[in-house]
Amino acid sequence: MTQVRTALITGAGRGIGRAIAVGLAAEGFQVAVNYHSNSSAADEALELCRAAGAPKAVAVQADISIPAEASKLLETVEAELGQVDVLINNAGRAPSERADILEASRESFDDLLSVNLAGPYFLTQAVARTWLADTESATRRRAVAFISSISAETVSLNRGEYCISKAGIAMASKLWAARLAPHQIPVIEIRPGIMKTDMTSAVQDVYDKKIADGLVPQRRWGVPEDIARITSALARGDLDFCSGAVVYADGGFHISRL
Ligand SMILES: NC(=O)c1ccc[n+]([C@@H]2O[C@H](COP(=O)([O-])OP(=O)(O)OC[C@H]3O[C@@H](n4cnc5c(N)ncnc54)[C@H](O)[C@@H]3O)[C@@H](O)[C@H]2O)c1
């Protein structure tokens, strides 16, 4: 009998996280949809996961930047679905207000670093501890992905704290990749470009024009499914020898051109 595997996707009520959850459901995973506050969006995500083939799907509310909530999240997922096999660190936020780095507040910096960097870093630590403590199930196929951004290496002067949080995620991914590689657990960073989701809805017109003008060599917006295909490949085991890889999903945005 084939083993049922479990995936935990943070911030999966909508957007990229939702598409990742649905993609993993289609791969036959039991899916834990973590959401921050919108329970009806999370319920919709669950319906889509079930329709896609998830044997079981649960929604778990938690703010991943609050340590007690992150611990409770993991406990609940383990109680409902068993041990996590695949962790997708997707949850993230943009600053509530875009402000030049001369003006931006310390409060916004602390907030973004807490949600976008400390949250995923320590959630990965908690999951990795359960894996390494449980030698009996060491043969299960496990994996971790961090969703960073082209902002890990591209400056935006009106959201410095976001860029720094994503640059930090790039290092977090390398650290966990090195730590878990001897255990045959691949960890990758996925670096999306300009993606059509709620996060970018307020700046859609600006990016429509920039994309049409060639900022993105493939001349289109990224869509959540562009990222979901990568996480599905990771979860299937197609990227098992790619520990520490950075997978750009940006239509060629990162290519320096003359
Ligand atoms: N949209 C883009 O252009 C783009 C580009 C590069 C990277 N990304 C990254 O992709 C990821 C997904 O973003 P998206 O575009 O789908 O945006 P989104 O705003 O639609 O989704 C982000 C999700 O994360 C959740 N979230 C935020 N803070 C949380 C917290 N503290 N605890 C739990 N959940 C939390 C939100 O509730 C939301 O469901 C983010 O990490 C984002 O930084 C997005």
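The values are calculated or read from the model by the stated rules, or taken from the named source; none is laboratory data. Just so it is clear, the model here is predicted, and its values are computed rather than measured. Note that each Cβ is placed from the backbone with ideal geometry, even for glycine, and that neighbours are counted across all protein chains shown. For the accessible areas, the whole protein counts, side chains as well, though only heavy atoms, and no ligand, DNA or RNA atoms are used. Shrake-Rupley method; radii C 1.70, N 1.55, O 1.52, S 1.80 Å.
Scanning region 181-189 for residues that are over 19 Å from Asn116 (Cβ atoms), surrounded by fewer than 20 Cβ atoms within 10 Å (Cβ to Cβ) and in contact (Cβ under 8 Å) with a residue 60 or more places away in the chain turns up at least one hit. Is it true that Tyr162 is within 12 Å of the ligand (Cβ to nearest atom), modelled with pLDDT of 95 or more and crowded, with 20+ Cβ neighbours inside 10 Å? So Tyr162 passes the test. Considering only region 227-250, state which residues are open to solvent by 20 Å² or more (accessible area, probe 1.4 Å), in a loop (DSSP other than H, G, I, E, B) and not acidic (Asp, Glu). Leu239, Phe241, Cys242, Ser243, Gly244, Ala245 - these are the residues of region 227-250 that are open to solvent by 20 Å² or more (accessible area, probe 1.4 Å), in a loop (DSSP other than H, G, I, E, B) and not acidic (Asp, Glu).
When restricted to residues that are under 14 Å from the mean Cα position of the chain (by Cα) and not β-branched (Val, Ile, Thr), region 200-234 contains 7.
Out of curiosity, is Thr200 hydroxyl-bearing (Ser, Thr, Tyr), part of a helix (DSSP H, G or I) and either surrounded by fewer than 18 Cβ atoms within 10 Å (Cβ to Cβ) or at pLDDT below 95 (or both)? Answer is yes for this residue.
Just one residue in the set Ala32, Ala70, Ala26, Ala54 is of a type in the set (A, V, I, L, M) and either at pLDDT below 95 or within 9 Å of the ligand (Cβ to nearest atom) (or both); that residue is Ala70. Residue count for region 7-23 satisfying the condition of being in a loop (DSSP other than H, G, I, E, B), at negative phi and either of a type outside the set (Ser, Thr, Tyr) or at pLDDT below 95 (or both): 3.
Taken together, the criteria place Leu157 among residues that are at pLDDT 95 or above and either part of a loop (DSSP other than H, G, I, E, B) or within 10 Å of the ligand (Cβ to nearest atom) (or both).
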